[in-house]
Amino acid sequence: MITTLTVIAFSVSVAQGSIFGNQLSIPNTSPNLTACVDQPSFFSCENSTAIKNTCCSPTPGGLVLQTQFWSTWTGLEKKGQKLPKGSWTIHGLWPDNCDGSFEQYCDLSRQYDPTPSPKVLPNGIVVPIYKGPGVDTFIKQFGRQDLLTYMENYWINQGAPNVDFWGHEFSKHATCTSTFDVACYGPTYKKHQEVIDFFDATVRAFHQYPTFDMLAAAGITPSNKTSTTLTKLQNAIKSQTGAVPYFGCSNNGTVLSEVWYFSHVYGTEQFGTYKTLDSSSPSSCSKDGPVWYHERTGASEREVRH
């Protein structure tokens, strides 16, 4: 005998199975690292021999920077583009070379930046303007609404749509990171798979450095009435990461606007362990004068979950 309760339970089961089935059908976007399992692992920029498989360790860009912004407005508040309350925002994940130099726009066949900067590379090559669909369409094609929602909340552009910024960061930086090369994804590679993988990796790295929380725990919070100092900022972060990051300031070094965390990576940029290092770039913040960590207006922020 089939009871009403049985029918309800069956319906819920089918609905859940349908949901879970959709989740399980989302394509995997990870690289194929099976060849790396039997090879020696090391921290990038610290290897004593040549890297045989560049899918196993980022090269030559083995000095990895996880970069963040502290902005107080977006310019597109009326369109719903706001900043996450109680958090800094993602800038990017940059592959500097071990000597501190860097490459950019290394694969123009994967150029998705509608406003390239620079427009012309140092070698004279012009970076073509991308006129295709935004990279958010790639994320949707892979069924990653979870990733897209997170990026819309924490990877925020200023003065232009977020999606333009995401395309810029992938094209300028990820194409210069060997572990995101298309060849690393093997024979089952699906177009734009590495784009999704880069966004995932950037979010993962961002989670390692909760700047707002680390500063707040040291008693440093945004204020339009009380300033702080570069030394206090540096000591607060060093006490939690073991290293001094780069702090960037605008207005002649008086207004805090960004932070860069320097690291060597054990393994791939996607999944490896980050060893945080002291910044190799001198801070642009005033060393002796006040540094303002400004508040945001309520109209420029929204509540989000970390």
Requested in this report: All but one of (1) surrounded by 13 or more Cβ atoms within 10 Å (Cβ to Cβ); (2) more than 23 Å from H207 (Cα to Cα) hold for I125, so report the exception by its number.
Outcome: (1)
Report summary line: Checked against (1) surrounded by fewer than 17 Cβ atoms within 10 Å (Cβ to Cβ); (2) farther than 30 Å from T34 by Cβ; (3) of a type outside the set (S, T, N, Q), V255 satisfies every condition except (1)
Query raised in the report: If we scan the stretch 70-78, do we find a residue that is touching a Lys or Arg at 6+ places or on another chain (Cβ under 7 Å), within 20 Å of Y130 (Cβ to Cβ), at pLDDT 95 or above and of a type outside the set (G, A, S)?
Result: no
Report task. Starting from residues that are without any contact (Cβ under 8 Å) to a residue 60 or more places away in the chain and of a type outside the set (A, V, I, L, M), keep the ones in the stretch 247-270 and report whichever is nearest to S44 (Cα to Cα). Result -> F247
Query raised in the report: Of all residues in the stretch 43-59 being modelled with pLDDT of 95 or more and closer than 20 Å to F262 by Cβ, which is surrounded by the fewest Cβ atoms within 10 Å (Cβ to Cβ)?
Result: E46
**Report entry** Options D38, D113: the member that is farther than 24 Å from R305 by Cα, within 22 Å of the chain's Cα centre (by Cα), assigned to a loop (DSSP other than H, G, I, E, B) and of a type in the set (D, E)
**Finding:** D113
Report summary line: Okay, helices (runs of 4 or more DSSP H) sitting entirely in the stretch 185-296 with 1 or more residues that are of a type outside the set (D, E, K, R), over 26 Å from C55 (Cβ atoms) and over 21 Å from the mean Cα position of the chain (by Cα), I get 211-217, 230-241
Query raised in the report: Which one of these does I237 not meet: (1) surrounded by fewer than 22 Cβ atoms within 10 Å (Cβ to Cβ); (2) in contact with a strand residue (DSSP E or B) (Cβ under 8 Å, 6 or more places away or on another chain); (3) over 28 Å from F142 (Cα atoms)?
Result: (1)
Report task. Starting from the stretch 213-237, take each residue that is among the acidic types (D, E) and list its partners that are assigned to a helix (DSSP H, G or I) and surrounded by fewer than 16 Cβ atoms within 10 Å (Cβ to Cβ), counting only C-beta distances under 6 angstrom and pairs at least six apart or across chains. Result -> none
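The values are calculated or read from the model by the stated rules, or taken from the named source; none is laboratory data. Note that the structure is predicted; figures quoted are calculated from it, not measured. For neighbour counting, all protein chains shown are included, and Cβ atoms are generated from backbone atoms with ideal geometry for every residue, glycine included.
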